[in-house]
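Note sheet for the following structure.
The values are calculated or read from the model by the stated rules, or taken from the named source; none is laboratory data. Keep in mind that this is a model prediction, so the values were computed, not measured. Methodologically, a virtual Cβ is constructed for each residue, glycine included, from the backbone with ideal geometry; neighbour enumeration extends over all protein chains shown. Remember, those area values only see protein heavy atoms, side chains included, never the ligands or the DNA or RNA. Shrake-Rupley method; radii C 1.70, N 1.55, O 1.52, S 1.80 Å.
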Amino acid sequence: MKSPLLLLPGAVPAEGVDEGVAAHYGDLFREQRALAEGSGFVDLSHRGVVTVTGDDRLTWLHLLLTQHVEKLPPHRATEALILSPHGHIEHALYLVDDGTTTWAHVEPGTQEALVAYLESMKFFHRVEVADRTGEYAVVHLPAGSIAATPEGVVARETPYGRDLFLPRERLEEFAGAHGPAAGLLALEALRVEAHRPRLGFETDHRTIPHELGWLETAVHLQKGCYRGQETVARVHNLGKPPRRLVFLHLDGSEVHLPPPGTGIHNADDGPEGRKLGFVTTSVRHHELGPVALALVKRNVPVDARLMAGDTAAAQEVVVEP
């Protein structure tokens with residue numbers, strides 16, 4: 001789904017899973033600084049939007065999600081995961097309930113599989129699940145923004161900003177009133193700075209929540225059963241995850257960023273050293289310079305001198321070993 005805001009001056013389209021919105025509008029660092037100062041907005045209209053209505057919606061979702069949502073107050077934002085039977089992350093949902101409807105935005109292209117799974121789990125519950133991606137566009141206002149939420153628009157207020165579920169036909173009008181627009185790369189740089197994982201970027205087919213720090217924000221450790229809960233409880237109570245998320249300060253003299261998937265090894269072992277992990281997201285930050293998130297083996301020493309491919313990388317702990 002191609003955003004009409006790609007017609008704004010300077011817009012450069014994003015690629016890959018984020019295709020359909022702007023990567024930037026000609027000045028990446030200016031756009032980052034604007035977001036960090038609480039101005040502007042980011043077009044996230046390529047993200048999936050799913051709603052659940054019906055009297056049983058919260059008690060039903062409570063049975064399926066990692067988060068405690070049974071008594072979720074209206075307008076309180078939360079996030080949750082759906083796990084495989086073995087505890088691997090399959091979906092990440094960014095939720096809010098407006099009192100009659102639970103709204104969620106999800107990674108681009110994942111909404112169809114999510115809706116199919118939810119439909120398969122309805123049984124006799126009084127719920128209706130809908131893919132609303134064609135009707136609603138997600139727009140992000142940064143933390144500190146003084147922009148008013150348009151009348152009748154559902155919003156998720158979080159420490160990182162406000163996500164609006166905006167009717168698609170109002171997207172261009174909103175952009176005209178709340179510019180300047182910032183591209184997705186600016187938001188990604190702030191996400192990496194905040195050590196926040198993203199499904200499909202920091203995850204692969206075997207990722208469990210403990211590896212990424214998602215226990216703190218998307219998993220409720222005292223709630224009852226849900227699919228994958230046994231793995232979550234066992235690793236939390238009896239063991240450690242096999243990998244852990246780290247934040248990397250990259251050598252700023254390098255022209256190119258190490259792309260996702262770049263292997264990480266110990267600098268002391270040379271370029272042929274044993275692979276210890278891989279880069280998940282790398283960005284250029286307006287203050288920190290080139291930085292990245294990466295997944296490494298849990299037993300990698302926190303003071304190890306690392307290399308991301310050919311780039312020197314200083315490790316900062318996100319998930320404790």
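Observations on the structure shown:
- For the chain, calculated [θ]222 nm from helices alone, where every DSSP H run of n ≥ 4 adds -39500 (n - 2.57): -5000 deg cm²/dmol
- Given charges at Cβ of Lys, Arg, Asp, Glu: the stretch 143-266 dipole, positive-most of HIS210, ALA189, PRO260: HIS210
- For HIS285, the residues whose amide H sits under 5 Å from its own are VAL291, ignoring neighbours fewer than 5 places away on the same chain, with H placed 1.01 Å from N.
- 5 Å binning of all Cα-Cα separations within the stretch 41-193, expressed as whole percents from 0 upward: 2, 9, 19, 22, 21, 14, 8, 4, 1, 0
- D (Stokes-Einstein, µm²/s), Kirkwood Cα radius, the stretch 27-77, 1.002 mPa s at 20 °C: 150
- Label point distance in nm, LEU221-THR149, each placed 7 Å from Cα along Cα→Cβ: 3.1
- Contact order relative to length of the chain, as percent, for alpha carbon pairs under 8 angstrom and 6 or more apart: 18
- Spin-label model distance (nm) - VAL255 vs ASP55, 7 Å beyond Cα toward Cβ: 6.7
- The orientation-averaged projection of the convex hull spanning the C-alpha atoms of the stretch 108-150 amounts to 4.9 square nanometres.
- Apportionment of accessible area to carbon and sulfur, the stretch 1-87, percent (1.4 Å): 54
- The share of accessible area on the stretch 121-235 that comes from carbon and sulfur is 54 percent, using a 1.4 angstrom probe.
- Phi to ³J(HN,Hα) by Karplus 6.51 cos²θ - 1.76 cosθ + 1.60 over the stretch 269-283, Hz, x for Gly, Pro: 8, x, x, 9, x, 4, 5, 9, x, 7, 6, 9, 9, 10, 9
- Note on the stretch 74-121: Cα-only Rg and Dmax are 11.5, 33 Å.
- The smallest convex shape that holds all Cα atoms of the chain, its convex hull, gives 129 Å³ per residue.
- Comparing Cα centroids, the stretch 107-170 and the stretch 6-76 end up 8 angstrom apart.
- Taking 0.36 nm per residue of separation and subtracting the current Cα-Cα distance, fully stretching the chain between LYS2 and VAL317 would add 109.6 nm.
- Rounded to whole numbers, the Karplus 3J(HN,Hα) couplings from phi for the stretch 62-74 are 4, 6, 9, 9, 6, 9, 7, 10, 4, 10, 4, x, x Hz, using 6.51 cos²θ - 1.76 cosθ + 1.60 with θ = phi - 60°, and x at Gly and Pro.
- Treating r as the C-beta distance of GLU287 and SER120 and R0 as 51 Å, the FRET efficiency rounds to 0.65.
- Convex hull of alpha carbon positions in the stretch 210-321: directionally averaged projected area 8.1 nm².
- Computed log10 I(q)/I(0) for the stretch 1-99 at 0.11, 0.13, 0.14, 0.24 Å⁻¹: -0.52, -0.68, -0.76, -1.16, from the Debye equation with unit scatterers placed on every C-alpha and solvent omitted.
- Solvent-accessible area per residue for the stretch 45-204 (1.4 angstrom probe, square angstrom): 41
- Computed from point charges on the beta carbon alone (+1 for Lys and Arg, -1 for Asp and Glu), the dipole magnitude for the stretch 113-158 about its Cα centre is near 140 Debye.
- Under 5 Å from the amide H of HIS220 lie the amide H atoms of GLN67, HIS68, each residue being 5 or more positions distant or on a separate chain, with H modelled from the backbone and absent for Pro and chain starts.
- In this rough spin-label picture, where each label sits 7 Å from Cα along the Cβ direction, the HIS68-GLU272 distance is 5.4 nm.
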